[in-house]
Amino acid sequence: MTVRHFLTLKDLSPAELQQIIARAIEMKAQHRNGTADEPFHGKVLGMIFEKSSTRTRVSFEAGMAQMGGSALFLSPRDTQLGRGEPIEDSARVLSRMVDIIMIRTFGHDKIERFAAYSRVPVINALTDDFHPCQLLADIQTYVEHRGDPKGKTVAWIGDGNNMCHSYINAAAMCDFKLNIACPEGFDPDPELVAANADRVTITRDPREAVTGADWVVTDVWASMGQEEEQAHREQQFAGYEVNHELMALAHDDAIFMHCLPAHRGEEVSADLLEDEKISVVWDEAENRLHAQKALMEFLLQHN
């Protein structure tokens, strides 16, 4: 049987995505009222980290514990992966010892190669190209606060990075319109944009992107591995800060999201980030936990 992986949102059907979001909301309620069960008893998650993390590590590790399973933290410093063992060999060995694997790495090709040789489901916990687990949490957050995102307008403000790519996929999966505002030279992947040209628009003006939007999202200007570009990027992204003035152009009930960590005073103003009438970033962060529990349950049930 073919193993089901979660490397991008496109590994799910729209109906499966809706099912996982609904289950995540249910799991969140069960966790809060003390009625959650432990379906992962005896299950082990292998967590491979080549990039540092706070939310990803804690949410996956806590999620496995809450579901009755356990998690192993594996870094290149502590494993043969860091000493040059081929990805294919590591995949074949680890997938005989654990039940599910999540990987946070750089090149998307690495996780694709790992998944091709794995006997168990592999979850993309972030690559340079995509961050689909964050989108599960973001979609869950929108559904909780505003309902179905179908037919809505989402504004992405900032770099055309892995998060932006996953928002493009989400636009197709959830049937919403996506306005992307980014400076020249920081566009998302042109093939991905072209494949979704019916719902994705690129502009250089954040005000144009946000006007009439229901959901506004941004991310840091320099992602992990781009720290040496910080000063250059600050110049290029001048005028791209999401603040109350910009949000005033969106719909009255528009909400703001950020996958965190946030650089206050750069991509988002401090007062907007802390304005809980508009900003839902703390719910969004918490929902990584519940969305990933629902995702792991789905993958373990379908493999």
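None of the figures in this text is laboratory data; all of them are computed from the coordinates on show. Every value quoted in this text rests on a predicted model; they were computed, and no experiment measured them. Note that each Cβ is placed from the backbone with ideal geometry, even for glycine, and that neighbours are counted across all protein chains shown.
Cβ neighbours within 10 Å, averaged per peptide: list 241-248, 198-205 in order, most packed at the top.
Ranking the peptides 241-248, 198-205 by packing returns 241-248, 198-205.
For n ≥ 4 DSSP H runs only, could you compute -39500 (n - 2.57) per run for the chain, divide by its residues and tell me the 222 nm figure to the nearest 500?
Numbers: 12 runs with 124 residues, N = 303.
So the calculated ellipticity at 222 nm is -12000 deg cm²/dmol.
Check which residues have an amide H placed less than 5 Å from Ala71's amide H, if you skip close sequence neighbours.
Leu45
Please list, in order along the stretch 166-183, the HN-Hα scalar couplings obtained from phi with the Karplus expression 6.51 cos²θ - 1.76 cosθ + 1.60 (θ = phi - 60°), rounded to whole Hz, x for Gly and Pro.
Working through the residues one at a time gives 5, 5, 5, 4, 5, 4, 6, 5, 9, 6, 10, 8, 10, 9, 10, 10, 8, x Hz.
Lys/Arg Cβ at +1, Asp/Glu Cβ at -1, dipole of the chain taken about the Cα centre: which of Leu126, Met173, Ala91 is farthest positive-ward?
Ala91
In the stretch 134-284, with Lys and Arg counted as +1 and Asp and Glu as -1 at Cβ, which of these residues, Gln230, Thr203, Met257, has the Cα nearest the positive end of the dipole, that is, farthest along it?
Checking the options against the dipole of the stretch 134-284, the answer is Thr203.
Grab the chain and count how many Lys pairs have their alpha-carbon atoms under 26 Å apart, sequence gap of 8 or more, or different chains.
So the count works out to 25.
Determine the distance separating the Cα centre of the stretch 179-204 from the Cα centre of the stretch 211-264; give it in Å without decimals.
16
List the relative contact order of the stretch 134-284 as a percent without decimals, with contacts defined as Cα pairs under 8 Å and 6+ residues apart.
24
Take every Cα pair under 8 Å in the chain that's 6+ residues apart, average their separations, divide by the length, and report that relative contact order as a whole percent.
21
Quick one: compute the contact order of the stretch 1-142, relative version, from alpha carbon pairs under 8 angstrom and 6+ residues apart, as a percent.
This gives 29 percent for the stretch 1-142.
Among Gly68, Ser53, Met102, pick out the residue whose Cα is farthest towards the positive end of the charge dipole of the stretch 1-124, where Lys and Arg carry +1 and Asp and Glu carry -1 on C-beta, about the Cα centre.
Farthest towards the positive pole: Ser53.
So what J values fall out for the stretch 256-264 if you push phi through Karplus, 6.51 cos²θ - 1.76 cosθ + 1.60 with θ = phi - 60°, rounded to Hz, Gly and Pro as x?
Karplus values, whole Hz, x for Gly and Pro: 10, 10, 7, 6, 6, x, 9, 9, 4.
Going by amide H atoms built from the backbone, whose H comes under 5 Å of the H on Leu7, apart from near neighbours?
Asn124
From the phi of every residue in the stretch 65-74, what ³J(HN,Hα) in whole Hz does the Karplus formula 6.51 cos²θ - 1.76 cosθ + 1.60 yield, where θ is phi - 60° and glycine or proline is x?
5, 5, 8, x, x, 9, 10, 10, 8, 10
Quick one: length gained pulling Ala116 to Ala15 fully straight, 0.36 nm per residue minus the C-alpha distance?
33.9 nm
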